[in-house]
Amino acid sequence: DLSVTLVQFDTEYEVLLDHKSINDIPLLTNKIYIPRGMTALNDSWVRLIEETGEKLSAMKEGDRPEKVLLISFTDGYENASKKYAPPEGENYIKKLVEQQEKIYGWKFLYIGANQDSEKEGKKKGINNYMNFNANQSSVKDTFSSLSADTASYRKRKDNTLDIKKNV
């Protein structure tokens with residue numbers, strides 16, 4: 001089984017899909033996902049990590065997923081976090097990421113447009129990254145690559161993730 005939580009973040013934090021089966025996810029269109037506002041990346045990452053952890057810890061152990069992959073897909077740099085502003089925000093996220101990876105086996109992927117996603121991800125302790133250009137062709141190629149990479153990750157028995165690429 002595969003379930004997905006989709007959060008749109010900017011100066012707001014909006015859960016568009018909450019732990020939905022992959023079979024129940026509508027096609028993402030500009031009617032569902034609407035880019036807007038600034039980029040409160042740190043505040044959103046902390047909230048998503050903490051809320052996901054709370055949901056999973058409330059589940060019976062047998063109902064918890066075998067693998068958890070959190071992906072940030074952003075078209076901008078951090079520029080709007082209030083509670084977890086840089087650089088302290090990145091330091092806190094780095095601790096959360098390390099904790100979730102070490103204790104619970106979570107994996108993280110940072111995907112950024114028109115930026116050094118490796119550098120930006122590493123500020124947050126995230127070692128998997130994809131760079132893309134903010135244009136229709138590159139976005140399409142990025143999602144195609146992401147689909148193949150996540151399918152491959154799901155099939156792996158050893159829970160390793162190694163994504164480092166420019167799309």
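Can you tell me, using C-alpha contacts under 8 Å and at least 6 residues apart, the relative contact order of the chain as a whole percent?
Result for the chain is 17 percent.
Gaussian network model of the chain, Cα springs within a sub-10 Å range: biggest mean-square fluctuation belongs to which of 65, 87, 26?
Judging by the Gaussian network model, the answer is 26.
Scan the chain and hand back the longest stretch that contains none of the GluC sites (Glu not before Pro) lying in DSSP loops with at most 16 other Cβ atoms within 10 Å.
Counting at most 16 other Cβ atoms within 10 Å as exposed, the longest clean stretch of the chain is 67-167.
Per-residue HN-Hα couplings for the stretch 90-104, Karplus 6.51 cos²θ - 1.76 cosθ + 1.60 at θ = phi - 60°, whole Hz, x for Gly and Pro?
Once θ is set to phi - 60°, the couplings for the stretch 90-104 become 5, 4, 5, 4, 4, 5, 4, 4, 4, 4, 5, 5, 5, 7, 10 Hz.
Using a/c under 1.5 as the rounded threshold, could you call the chain rounded, prolate or oblate? The axes a ≥ b ≥ c are square roots of the C-alpha gyration tensor eigenvalues, and prolate needs a/b larger than b/c, oblate otherwise.
Rounded shape, in that the Cα axes give a/c under 1.5.
Please work out the average accessible area per residue across the chain, using the 1.4 Å probe convention, and give it in Å².
Result: 61 Å² of accessible area for each residue.
Take residue 136, project a point 7 Å from its Cα along the Cβ direction, then tell me which residues of the stretch 3-46 have their backbone nitrogen under 16 Å from it.
Counting only backbone N, you get 29-31.
Using modelled backbone amide H atoms (1.01 Å from N, in-plane), which distant-in-sequence or interchain residues come within less than 5 Å of residue 129's amide H?
Residues meeting the criterion, in which the H sits 1.01 Å from N, are 110, 163, 164, 165.
Please work out whether the stretch 44-122 counts as rounded, prolate or oblate from its C-alpha gyration tensor, where a ≥ b ≥ c are the square roots of the eigenvalues and a/c under 1.5 means rounded, while otherwise a/b larger than b/c means prolate and anything else oblate?
prolate
Taking all protein chains in place and a 1.4 Å probe, what share, in percent, of the accessible surface of the stretch 1-90 do carbon and sulfur account for?
Result for the stretch 1-90: 51 percent of the exposed heavy-atom area is carbon or sulfur.
Based on alpha-carbon centroids, what's the gap between the stretch 119-162 and the stretch 9-57 in Å, whole number please?
If you average the Cα positions of each part, the centres end up 17 Å apart.
Report, by chain and number, residues whose modeled amide H sits under 5 Å from the one on residue 38, excluding near sequence neighbours (fewer than 5 apart, same chain).
Here 11 satisfy the definition.
Quick one: work out the % antiparallel among DSSP beta bridges in the chain, nearest 5.
If I count the DSSP bridges inside the chain, around 30 percent turn out antiparallel.
Using θ = phi - 60° and the Karplus relation 6.51 cos²θ - 1.76 cosθ + 1.60, list the HN-Hα couplings for the stretch 151-166 in order, rounded to whole Hz, with x at every Gly or Pro.
4, 5, 4, 4, 7, 5, 8, 8, 6, 8, 9, 9, 10, 9, 7, 10
At a probe radius of 1.4 Å, what is the per-residue accessible area of residue 156, in Å² to the nearest 10?
Its accessible surface works out to 100 Å², give or take rounding.
The values are calculated or read from the model by the stated rules, or taken from the named source; none is laboratory data. Keep in mind the model is a prediction, meaning the values are calculated, not measured. Cβ coordinates were reconstructed from backbone atoms using ideal geometry, including for glycine residues, and neighbour counts include every protein chain displayed. Each accessible area value is taken on the protein alone, full model and side chains, heavy atoms only, with ligands, DNA and RNA left out. Shrake-Rupley method; radii C 1.70, N 1.55, O 1.52, S 1.80 Å.
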